[in-house]
Amino acid sequence: MLVTWSTANKTESIVEYGLWGEKLFSHTAKGNSSVFTDGGLEKRTMYIHRVTLTDLIPTASYVYHCGSDAGWSDIFYFTSLNESVSFSPRFALFGDMGNENPQSLSRLQKETQMGMYDVILHIGDFAYDMHEDNGRIGDEFMRQIQSIAAYTPYMTCPGNHEWAYNFSHYKSRFSMPGHTENLWYSWNVGPAHIISFSTEVYFYLEYGLDLLFRQYEWLQADLQEANRPENRAQRPWIITMGHRPMYCSNDDGDDCTHFQSYVRLGRNDTIPVAPGLEDLFYQHGVDLELWAHEHTYERLWPVYDYKVFNGSSEEPYVNPKAPVHIITGSAGCREKHDGFIPKPRDWSAFRSTDYGYTRMRLINTTHLYLEQVSDDQYGKVIDQMTLVKEKHGADAWR
């Protein structure tokens, strides 16, 4: 488990921890800090500390605090990861949550502390915006999510609101696996291989077109590895998370409202031409694609190339013939809601403008359950889906 925190001054980076119910702080782990300077006028500097806790007992509960002799945090706790492929992890997922109007935050704080989730997926757009007020909005937002992220792994991907100073706040404040400054990475949990990537490489070309191609090549290699028969047998579910969707039925003119979506089909105005992601994900049998960006919730029928490929008319999510897309960007921020076009597209199955977030459970190798919680309706579940895949991989589409 990797613990990240920030301080205004240079101090040691120490985590003291121990098993729940045993002697407090019986173990000590040391890490290091890096200097982060905000790009604003004040050039505010902070120290980002990272400490990795190793040799944890799987599924055990630990109590910890972090800091140094110059000052310690509150006491927190976490449960270390269950490494079994038969584990059924429970997720909360959402995007587009701000420092102002974080509508879903209190419900997520309470449910996390009740132990309802094993992992949190924040699918881009944090704080609105982390760089504002010389980075103080970012500081305040990190304090807001501490009551979630100090207890449960908080996994992220970048969104458009992280653009400032070449995504420097996002790159510096979070600690994801791999060595790509948190922009793209993958990891395994239970029967799933989860891939996080940046849709922003298609839009912020001023930060380098090479990023787009490096990510694409990495995605190709990662998907090929995940599809090796021995790997897909162990972790048959392949799930992706990226900020800007390929499809949506919103009325705001965003990329996903266009047939020629950059994320879906790539960009032909670059040299060389930048490939899109729909064919790549389809050819490697991605089961579920999670998105945000639109400040709404939308569940799609199984879709590829703008066409619906249901399992059957009675059971569209039983052995579907294309990936399933979920857009969950309504956690709450200062930009409020987005709207929908009056008549939904053929591939749109359910949509809502309520503030809220999504719960997901990987039940086993064949069944995945997902539900949408409305914060406007006091936690009512307004949508449910069970995805059944008796066969995984590109062969499942045939």
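The values are calculated or read from the model by the stated rules, or taken from the named source; none is laboratory data. Only a predicted model underlies this, so the values are computations on that prediction, with no experimental measurement involved. Neighbour counts run over all protein chains shown; Cβ positions are idealised from the backbone, glycine included. What goes into the accessible areas is simple: the full protein's heavy atoms, side chains included, and nothing from ligands, DNA or RNA. Shrake-Rupley method; radii C 1.70, N 1.55, O 1.52, S 1.80 Å.
Return yes or no: is Tyr207 hydroxyl-bearing (Ser, Thr, Tyr), surrounded by fewer than 20 Cβ atoms within 10 Å (Cβ to Cβ) and either modelled with pLDDT of 95 or more or under 24 Å from Met360 (Cβ atoms) (or both)?
yes
When you check Thr54 against the structure, is it open to solvent by 40 Å² or more (accessible area, probe 1.4 Å), β-branched (Val, Ile, Thr), at pLDDT 95 or above and in a strand (DSSP E or B), yes or no?
Taking the combined requirement at face value, the residue does not satisfy it.
What strands (runs of 3 or more DSSP E) lie completely within the stretch 333-398 and have 2 or more residues being out of contact with any Asp or Glu (no Cβ under 6 Å at 6 or more places or on another chain) and free of Cβ contacts under 8 Å to residues at least 24 places away in the same chain?
Strands (runs of 3 or more DSSP E) meeting the threshold: 367-374.
Any chance you could count how many residues in the stretch 57-71 are more than 25 Å from Phe87 (Cβ to Cβ) and assigned to a loop (DSSP other than H, G, I, E, B)?
2
Name the single residue, out of those in the stretch 28-51 being aliphatic (A, V, I, L, M) and assigned to a strand (DSSP E or B), that is most open to solvent (accessible area, probe 1.4 Å).
Step by step, filter the stretch 28-51, then rank; the result is Val35.
How many residues, within the stretch 226-284, are among the acidic types (Asp, Glu), in a loop (DSSP other than H, G, I, E, B) and open to solvent by less than 50 Å² (accessible area, probe 1.4 Å)? Quick ask: steps written out before the conclusion?
Within the stretch 226-284, the subset among the acidic types (Asp, Glu) is 230, 251-252, 254-255, 269, 278-279.
Then drop every residue that is not in a loop (DSSP other than H, G, I, E, B), which leaves 251-252, 254, 269.
Narrowing further to those that are open to solvent by less than 50 Å² (accessible area, probe 1.4 Å): 254.
Selection size over the stretch 226-284: 1.
How about the stretch 148-220: which strands (runs of 3 or more DSSP E) wholly inside it have at least 2 residues that are under 28 Å from Ser106 (Cα atoms) and in contact with a helix residue (DSSP H, G or I) (Cβ under 8 Å, 6 or more places away or on another chain)?
Answer list for the stretch 148-220: 154-156.
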